[in-house]
Amino acid sequence: MSDVFLNGSLTIAGLGPGDTAMMTPEVSAAIAQASDVVGYNSYVARIPPREGLRLHASDNRVELDRARHALQLASDGGHVVVVSSGDPGVFAMASAVFEALESAPEYLDVEISVLPGITAMLAAAARAGAPLGHDFCAINLSDNLKPWELVERRLQLAIEGDFAVALYNPRSASRPQQFARALEILRAGCGPDRLITFARAVTTPAERIVTVPLSEAKADMADMRTVVIVGNSATRRVGRYVYTPRSAP
Ligand code: SAH
């Protein structure tokens, strides 16, 4: 038996935005060699079952428990793959695993690797054209792990810096008003003509991409399967595409 089977490993992998063609070959290989796959229900559901593979699906909002469980399985000798959608380092499980490791140093010997994936904003930007072609930033609009005041402040500063902005987790049933408030801040800071793209379920059969000026943006155009891209002051349309020039005036 090789060392690989004596020592466990923990791989934190990004599944990409949806379409399996957007999963990297190294992620597919890690899943093919895994003994255990750990993750949120709907991400684990994307892994085809096979003999010898244990699937550990759990509910959202239990990221730290899930991370500890994965570390435990790996330290017991498992080849564990923790799955996230998109990229695992973008508002996802990679940081949760390192947070769990910080509070459980007994697992410091577990070999951990992070395998990148195509994050939602990149898949969405590619579908729209090139709205992130100049300086940009990404903001998670969820206030589960930070105060809403901080979300507003970062949005305000992004507008002042004239960044294009990708907004993750824009709107959920449990916090319906916040995205409406974010749109108000955007309108006040960017004016009515700024282009905003709503990209829903990108690369899945339910994909829908809509670009409108801020004056026509409505809060119900976004849900938790949508990533929103707000252009910078130079973002414009060319034909049916949206792009941001590489240079700033
Ligand atoms: N790690 C993921 C992000 C997890 S946060 C990544 O890198 O993409 C979850 C948020 O990601 C969703 O609320 C939505 O804003 C965005 N998202 C994930 N997959 C998406 C998809 N296929 N289409 C549009 N947005 C998506």
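The values are calculated or read from the model by the stated rules, or taken from the named source; none is laboratory data. Everything numeric in this text was worked out from a predicted model, so none of it was measured. Cβ atoms come from the backbone with ideal geometry, glycine included; neighbour counts cover every protein chain shown. For the accessible areas, the whole protein counts, side chains as well, though only heavy atoms, and no ligand, DNA or RNA atoms are used. Shrake-Rupley method; radii C 1.70, N 1.55, O 1.52, S 1.80 Å.
Can you tell which of Val81, Val90 is open to solvent by less than 20 Å² (accessible area, probe 1.4 Å) and either in contact with a helix residue (DSSP H, G or I) (Cβ under 7 Å, 6 or more places away or on another chain) or closer than 20 Å to Thr226 by Cα (or both)? Talk me through it step by step, then tell me what you get.
On the way: Val90 fails: open to solvent by less than 20 Å² (accessible area, probe 1.4 Å).
Residue meeting the stated conditions: Val81.
Inspect segment 142-151 for any residue being of a type in the set (Gly, Ala, Ser) and part of a loop (DSSP other than H, G, I, E, B) and give the result as yes or no. Can you show your working first?
If we filter segment 142-151 for residues that are of a type in the set (Gly, Ala, Ser), which is where we start, we get 142.
From the residues that got through so far, the ones that are part of a loop (DSSP other than H, G, I, E, B) too are 142.
Scanning segment 142-151, I find at least one residue that is of a type in the set (Gly, Ala, Ser) and part of a loop (DSSP other than H, G, I, E, B), so the answer is yes.
Return the pairs, sorted by first residue and then second, in which the second residue is polar (S, T, N, Q), the first residue lies in segment 179-202 and is within 18 Å of Asp223 (Cα to Cα), the beta carbons are less than 6 Å apart, and the residues are 6+ apart or on different chains.
Thr197/Thr211; Phe198/Thr226; Arg200/Thr226
Counting only residues that are within 16 Å of the ligand (Cβ to nearest atom), modelled with pLDDT of 95 or more and open to solvent by 30 Å² or more (accessible area, probe 1.4 Å), which one in segment 163-203 is nearest to the chain's Cα centre (by Cα)?
The qualifying residue nearest to the chain's Cα centre (by Cα) is Asn169.
Inspect all residues belonging to segment 117-131 and state whether any of them is open to solvent by 50 Å² or more (accessible area, probe 1.4 Å), within 16 Å of the ligand (Cβ to nearest atom), β-branched (Val, Ile, Thr) and touching a Gly at 6+ places or on another chain (Cβ under 8 Å).
To start, the set of residues in segment 117-131 that are open to solvent by 50 Å² or more (accessible area, probe 1.4 Å) comprises 118, 122, 126-127.
Now restrict to residues that are within 16 Å of the ligand (Cβ to nearest atom): 118, 122, 126-127.
So of that shortlist, the ones also β-branched (Val, Ile, Thr) come out as 118.
Okay, now just the ones that are also touching a Gly at 6+ places or on another chain (Cβ under 8 Å), so 118.
Yes, segment 117-131 contains at least one residue that is open to solvent by 50 Å² or more (accessible area, probe 1.4 Å), within 16 Å of the ligand (Cβ to nearest atom), β-branched (Val, Ile, Thr) and touching a Gly at 6+ places or on another chain (Cβ under 8 Å).
Name the residue that is nearest to the ligand (Cβ to nearest atom), counting only residues in segment 97-112 that are open to solvent by 10 Å² or more (accessible area, probe 1.4 Å) and touching a strand residue (DSSP E or B) at 6+ places or on another chain (Cβ under 9 Å).
Within segment 97-112, the subset open to solvent by 10 Å² or more (accessible area, probe 1.4 Å) is 98-99, 101-103, 105-112.
Adding the requirement that they be touching a strand residue (DSSP E or B) at 6+ places or on another chain (Cβ under 9 Å) leaves 98, 101, 107, 110-112.
Values: Phe98: 15, Leu101: 19, Tyr107: 23, Val110: 22, Glu111: 22, Ile112: 17 Å.
It comes out as Phe98.
Please find, within segment 204-234, the residue that is nearest to the ligand (Cβ to nearest atom) out of those that are part of a loop (DSSP other than H, G, I, E, B) and open to solvent by less than 20 Å² (accessible area, probe 1.4 Å). Write out each step before concluding.
Here is the first cut: in segment 204-234, the ones part of a loop (DSSP other than H, G, I, E, B) are 204-207, 217-218, 222-225, 231-234.
Right, trim to open to solvent by less than 20 Å² (accessible area, probe 1.4 Å) and you get 217, 222, 231-232.
On the way: Ala217: 16, Ala222: 8, Gly231: 17, Asn232: 20 Å.
Among those that are part of a loop (DSSP other than H, G, I, E, B) and open to solvent by less than 20 Å² (accessible area, probe 1.4 Å), it is Ala222.
Would you check which residues across segment 7-53 are hydroxyl-bearing (Ser, Thr, Tyr), open to solvent by 40 Å² or more (accessible area, probe 1.4 Å) and in contact with a strand residue (DSSP E or B) (Cβ under 6 Å, 6 or more places away or on another chain) and list them?
Of everything in segment 7-53, just one residue is hydroxyl-bearing (Ser, Thr, Tyr), open to solvent by 40 Å² or more (accessible area, probe 1.4 Å) and in contact with a strand residue (DSSP E or B) (Cβ under 6 Å, 6 or more places away or on another chain), namely Tyr43.
Could you check segment 125-164 and list, in sequence order, the residues that are over 18 Å from Val227 (Cβ atoms) and aromatic (Phe, Trp, Tyr)?
Once the filter is applied, which keeps residues that are over 18 Å from Val227 (Cβ atoms) and aromatic (Phe, Trp, Tyr), segment 125-164 yields only Trp148.
Being modelled with pLDDT under 95, open to solvent by 70 Å² or more (accessible area, probe 1.4 Å) and not aliphatic (A, V, I, L, M): is that true of Asp59 here?
Numbers: modelled with pLDDT under 95: yes; open to solvent by 70 Å² or more (accessible area, probe 1.4 Å): yes; not aliphatic (A, V, I, L, M): yes.
Judged against the criteria, Asp59 is a match.
Within the bounds of segment 142-156, is there any residue that is of a type in the set (Lys, Arg), open to solvent by 20 Å² or more (accessible area, probe 1.4 Å), out of contact with any Phe, Trp or Tyr (no Cβ under 6 Å at 6 or more places or on another chain) and within 15 Å of the ligand (Cβ to nearest atom)?
In the first step, residues of segment 142-156 are kept if they are of a type in the set (Lys, Arg); the result is 146, 153-154.
Okay, now just the ones that are also open to solvent by 20 Å² or more (accessible area, probe 1.4 Å), so 146, 153-154.
Going one step further and asking which of them are out of contact with any Phe, Trp or Tyr (no Cβ under 6 Å at 6 or more places or on another chain), we end up with 146, 153-154.
Going one step further and asking which of them are within 15 Å of the ligand (Cβ to nearest atom), we end up with 146.
Taking every residue of segment 142-156 in turn, at least one turns out to be of a type in the set (Lys, Arg), open to solvent by 20 Å² or more (accessible area, probe 1.4 Å), out of contact with any Phe, Trp or Tyr (no Cβ under 6 Å at 6 or more places or on another chain) and within 15 Å of the ligand (Cβ to nearest atom).
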